[in-house]
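The values are calculated or read from the model by the stated rules, or taken from the named source; none is laboratory data. On a predicted model such as this, the values are computed, not experimentally measured, just so you know. Here the Cβ positions follow ideal geometry from the backbone for every residue, glycine too, while neighbour counts run over all protein chains shown.
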Protein chains: 2
Amino acid sequence: MLLAKYFEKRRKAVNKALDKYLAPEDTKPTSLHKSMRHTIFAGGKRLRPLLFIATYEMLRGRKDLRAVRKILPVAAALEMVHSASLIHDDLPFIDNADQRRGEISNHKKFGNAIAILAGDALITKSFETILKISNKDKALKCLQLLIQACSTRGMLGGQVIEITAFQKKRVKLHMLRDIHLKKTGALLKASIQMASVLMESDKQIYNALGDFALNIGLAYQVIDDILDEVGADEILDKPSGEDLRNRKVTYPVLLGVEESKSQAIKLLKDAKNVIKYMPNNEVLIEFVDSIRDRIP
Amino acid sequence: MLLAKYFEKRRKAVNKALDKYLAPEDTKPTSLHKSMRHTIFAGGKRLRPLLFIATYEMLRGRKDLRAVRKILPVAAALEMVHSASLIHDDLPFIDNADQRRGEISNHKKFGNAIAILAGDALITKSFETILKISNKDKALKCLQLLIQACSTRGMLGGQVIEITAFQKKRVKLHMLRDIHLKKTGALLKASIQMASVLMESDKQIYNALGDFALNIGLAYQVIDDILDEVGADEILDKPSGEDLRNRKVTYPVLLGVEESKSQAIKLLKDAKNVIKYMPNNEVLIEFVDSIRDRIP
């Protein structure tokens, strides 16, 4: 990848910000702070922070790590709330996952009680962190986007629809699409639109970037499903086959692997089309290509 | 109580606000919205909203329900985040409570998965709701107080210290005091200081009200412990003896019932002393007396 160095530098900056904003492990109560840091620093691609930063720099018109440093509270907040959702979703009564990001899952290491409270604390810390943006008007707008993305209309709603649908065992494609759009799409959309808020871009760009995000969010999820179906531990963050063991309905289960691939490719093409005529789009275009490269 | 009507009117206003801000039960996903409403509307004294409102009206210098209506987003937000903590604390791996506020506890009715996500959704909704205050500067300050109260330095930290301490089974009085101050005191302090923020009272009043809140918070918790020890289902929100069955260390366990009563009375006296010379303090004074009246 041509921009490997670009992403690597920004990923490092995000990790440094996360380390700065989260209390050290030896802060009391230590089990809580250790648990919060465990999932945050157990790998993770930093998809949301990087998409946020890449969009911000596209709109800004140049790549400048010093400017990026000023918006790191938003990047860190996105990763915190995402990690909180992973911790809670991995719990025995929800997805029951023993591993996450290649390491032991939070509740397996710290117990259910601490894992639940660490998730709560990361949600709270996320909202606290995003308010560190110096322009208070913009901080507030970003916070409102974040809240909306997490709400019962977004991520949390999607998670419950998934649980309820899978209990009934009669999941149709439009339901699965709705689940993915809420569970994954909503926060990706907010991530990218926050860049638009910070750069004060006009409503048209703001809406277009929302569509771009939903397309790649859905594609990402479909590809995750495909990877899980065909089995590719080294690409996925969790052991493959897990969704099947949990009897989850996925895109490949409903459409077959080949048709799922076609749909993912189509979604990524649609995403590219949205940003095709935007100036300085080369990083985001490469980002989309890198998602496409995950298709086995 | 002389001011029964005063509190009744404000309690009704708070309940109406909660009903307005929470999505209706038939909003999809319905299980999530039903679960959120279950704990919110299963009784509850509305201690935090009422203390917030009473403090606001004291600082304002007159009782005026129309003025109170403008600050109801804060009152509702306080109750939402408190209810979220109840839902998560009642879970089997934390306090394992089958009942709450005289009704079946959230996870017993909706299952662990929905209860966890309903708690998350109430935290998120709480932060969303507090931002509805029209003055954005003040909304932001209130939100920051709320976040601080919920954080690992406040409520969530207190909950983890409690879990950890009780696992070790060697709880000393200063530890128990620290747990209560964080678990109950932090949010009460924020509730009362938010009134100070909205009324722009000076730093001295702000700090004094913080001390007032911590005193009554601790007293309230000690009295809860006493009631649980002597057994008085009709006064407590949960079946008495529960803390004992869970082998929790409480004030009466460490100090005996009589000494615990003395300490509670002393704390309430200290609280009264803080606000003794503040104008229009009659409602808050009666509030303190009503807490004292709970002592069996």
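Within segment A:149-167, being facing chain B (nearest Cβ under 7 Å) and closer than 24 Å to A:T250 by Cβ holds for A:C150, A:T152, A:L156, A:G157, A:Q159, A:V160, A:I161, A:I163, A:T164. Can you tell me which residue in segment A:281-296 is modelled with the highest pLDDT, limited to those that are assigned to a loop (DSSP other than H, G, I, E, B) and surrounded by 14 or more Cβ atoms within 10 Å (Cβ to Cβ)? Looking at the filtered set, the residue picked out is A:N281. Is it the case that segment B:166-173 has a residue that's touching a residue at least 60 places away in the same chain (Cβ under 8 Å), on the phi > 0 side of the Ramachandran plot and outside any helix (DSSP H, G or I)? Yes, segment B:166-173 has at least one match.
Assessment of segment A:105-113 against the conditions (modelled with pLDDT under 95 and under 19 Å from A:E79 (Cβ atoms)) yields no matching residue. When every residue of segment A:175-194 is checked against the conditions, at least one turns out to be assigned to a helix (DSSP H, G or I), surrounded by fewer than 18 Cβ atoms within 10 Å (Cβ to Cβ) and under 18 Å from the mean Cα position of the chain (by Cα). Considering segment A:137-170, and only residues there that are at pLDDT 95 or above and among the charged types (D, E, K, R), the residue that is farthest from the chain's Cα centre (by Cα) turns out to be A:D137. I'd like to know if segment A:178-190 contains one or more residues that are among the hydroxyl-bearing types (S, T, Y) and within 11 Å of another protein chain (Cβ to nearest Cβ). Scanning segment A:178-190, I find no residue that is among the hydroxyl-bearing types (S, T, Y) and within 11 Å of another protein chain (Cβ to nearest Cβ), so the answer is no.
Of all residues in segment A:83-97, those that are in a helix (DSSP H, G or I) and either at the interface with another protein chain (Cβ under 9 Å from one of its Cβ atoms) or more than 23 Å from B:R153 (Cβ to Cβ) (or both) total 5.
Could you look through segment A:91-125, keep only residues that are surrounded by 24 or more Cβ atoms within 10 Å (Cβ to Cβ) and polar (S, T, N, Q), and pick out the one that is nearest to A:L32 (Cα to Cα)? Checked segment A:91-125; the qualifying residue nearest to A:L32 (Cα to Cα) is A:N106.
Taking into account only those residues within segment B:8-40 that are away from chain A (no Cβ under 14 Å) and of a type in the set (D, E, K, R), which is nearest to B:T129 (Cα to Cα)? Only one residue fits best here, namely B:K20.
Selection over segment B:98-148 of residues that are in a loop (DSSP other than H, G, I, E, B) and either more than 8 Å from every other protein chain (Cβ to nearest Cβ) or on the phi < 0 side of the Ramachandran plot (or both) gives a count of 9.
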